[in-house]
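One structure below.
The values are calculated or read from the model by the stated rules, or taken from the named source; none is laboratory data. The structure displayed is predicted, hence computed values, not measured ones. Reconstructed Cβ throughout: ideal geometry from the backbone, glycine too, with neighbour counts over all protein chains shown.
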Amino acid sequence: MSASVSTDQKPNVAEMVVIHRIFQREFVLMSQLIRQVPEGDVARAQVLAKYAGQLLDGLHQHHAGEDELVWPKLLERATPERALIERMQAQHHADGVQRVNEQLAGWESSADKARGEELAASIDELRTHLLEHLDEEKQILPLVSQHLTKPEWDAIGEHARASTPKDQLPILFGAILEDATPQERALMLEPIPFPIKLLLRTLGARQYRRYVKEVRGVEPARR
C-alpha cells in the first residue's frame with residue numbers, strides 16, 4: 001500500500017474525539033459518585049459497581065480495537081513515528097484498570113467507606129494517566145488520517161459495536177451522543193441502519209435517561 005491514502009478514502013477522525021469525551025466525562029463522575037456512597041449502602045454500591053464495570057469494559061474494548069486495528073497498520077505505514085506509536089501501544093497495558101477492577105469487587109460487597117476512598121483514589125490515578133494518553137493520542141489522529149483508509153477506520157466502530165452486548169447498545173450510544181453537537185450526532189449515527197437508528201432515538205433514548213438517573217440521580221439534559 002502507498003504511504004498515504006487518497007482524499008476520498010480518508011477517515012473522519014473526529015469520531016475519536018467524541019469517544020474520548022465519554023471517558024473524560026465519566027471518569028470524573030465515577031470517583032465523585034463512589035465517594036458519595038454512605039457507609040454500608042451496598043445497594044447503591046452495586047449500582048455504581050455495575051456502572052463502573054461497564055465503563056471499564058468500554059475502555060478495554062476501545063483499547064483492544066486500537067491494538068488490533070490501528071497500531072499494527074501505523075507501525076507498518078508510518079515508520080518515522082514508530083517511537084510515538086509504540087509508546088501509545090504500551091500505555092494500554094499500564095493504565096491501572098486491573099487494580100481498579102479488583103478494588104471495585106471488594107467495595108461492591110461491603111460499601112466500606114475506607115475501601116471506597118481507596119477505590120476512588122485509584123480511579124483518579126487511572127483518569128490522570130488516561131487523560132495524558134488521550135491528549136497524546138491527538139498526535140496519532142493525523143497519522144490515521146494519512147495512512148488508514150475509511151473502511152479500515154470504520155472497522156474500529158464495527159469492532160466496538162460487535163463487542164458490546166446488545167442490551168447495552170442504547171447505553172453506549174446514549175453516552176456517545178449526550179454531549180455531541182448536531183454535526184457529531186449525525187456523524188456517529190451515519191453508519192447505523194435506519195430502523196435501529198429510530199429505536200436508539202426513541203426507546204433507546206428513554207432507556208439511557210433511566211440509566212443515567214439511576215447512576216447520577218438526575219436525568220441527562222434533553223437535546
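Structural remarks
- Looking across segment 62-100, the residues that are buried (at least 16 other Cβ atoms within 10 Å of the Cβ), in contact (Cβ under 8 Å) with a residue 60 or more places away in the chain and in a helix (DSSP H, G or I) come down to H62, G65, E66, L69, K73, L74, R77, E81.
- Residues of segment 20-37 include at least one that is modelled with pLDDT of 95 or more and not in a helix (DSSP H, G or I).
- As a summary of the residue check, G40 satisfies the conditions (1) in a helix (DSSP H, G or I); (2) among the small types (G, A, S); (3) modelled with pLDDT of 95 or more except for the one numbered (1).
- Failed criterion for Y211 (all others in (1) at pLDDT 95 or above; (2) touching an Asp or Glu at 6+ places or on another chain (Cβ under 8 Å); (3) buried (at least 17 other Cβ atoms within 10 Å of the Cβ) hold): (2)
- If you check P170, P195, P191 for being part of a loop (DSSP other than H, G, I, E, B), out of contact with any strand residue (DSSP E or B) (no Cβ under 6 Å at 6 or more places or on another chain) and not β-branched (V, I, T), only one passes: P191.
- Exclusive hit being assigned by TED's automatic domain parsing to the domain that holds A78, modelled with pLDDT under 90 and among the hydrophobic types (A, V, I, L, M, F, W, C), set L134, L119, L143, L126: L134
- Boolean, E184 is in a helix (DSSP H, G or I) and assigned by TED's automatic domain parsing to the domain that holds I22: no
- Taking the criterion of being in a helix (DSSP H, G or I) and either farther than 14 Å from I85 by Cα or under 21 Å from the mean Cα position of the chain (by Cα) (or both), the residues of segment 144-158 that qualify are V144, S145, Q146, K150, P151, E152, W153, D154, A155, I156, G157, E158.
Yes/no per residue for (1) surrounded by 15 or more Cβ atoms within 10 Å (Cβ to Cβ); (2) under 18 Å from H63 (Cα atoms); (3) touching a residue at least 40 places away in the same chain (Cβ under 8 Å):
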{"site": "E102", "(1), (2), (3)": "no, no, no"}
{"site": "A111", "(1), (2), (3)": "yes, no, yes"}
{"site": "E117", "(1), (2), (3)": "no, no, yes"}
{"site": "H147", "(1), (2), (3)": "yes, no, yes"}
{"site": "I156", "(1), (2), (3)": "yes, yes, yes"}
{"site": "E178", "(1), (2), (3)": "yes, no, yes"}
{"site": "E184", "(1), (2), (3)": "yes, no, yes"}
{"site": "E190", "(1), (2), (3)": "no, no, no"}
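- Condition met for Q46 (among the polar types (S, T, N, Q) and modelled with pLDDT of 95 or more): yes
- Some residue of segment 102-117 being of a type in the set (S, T, Y) and part of a helix (DSSP H, G or I): no
- When E118, E178, E137, E108 are checked against the criterion of being farther than 22 Å from E66 by Cβ, of a type in the set (D, E) and within 14 Å of the chain's Cα centre (by Cα), E178 stands alone in meeting it.
- Segment 192-203, residues that are surrounded by 15 or more Cβ atoms within 10 Å (Cβ to Cβ) and among the aromatic types (F, W, Y): none
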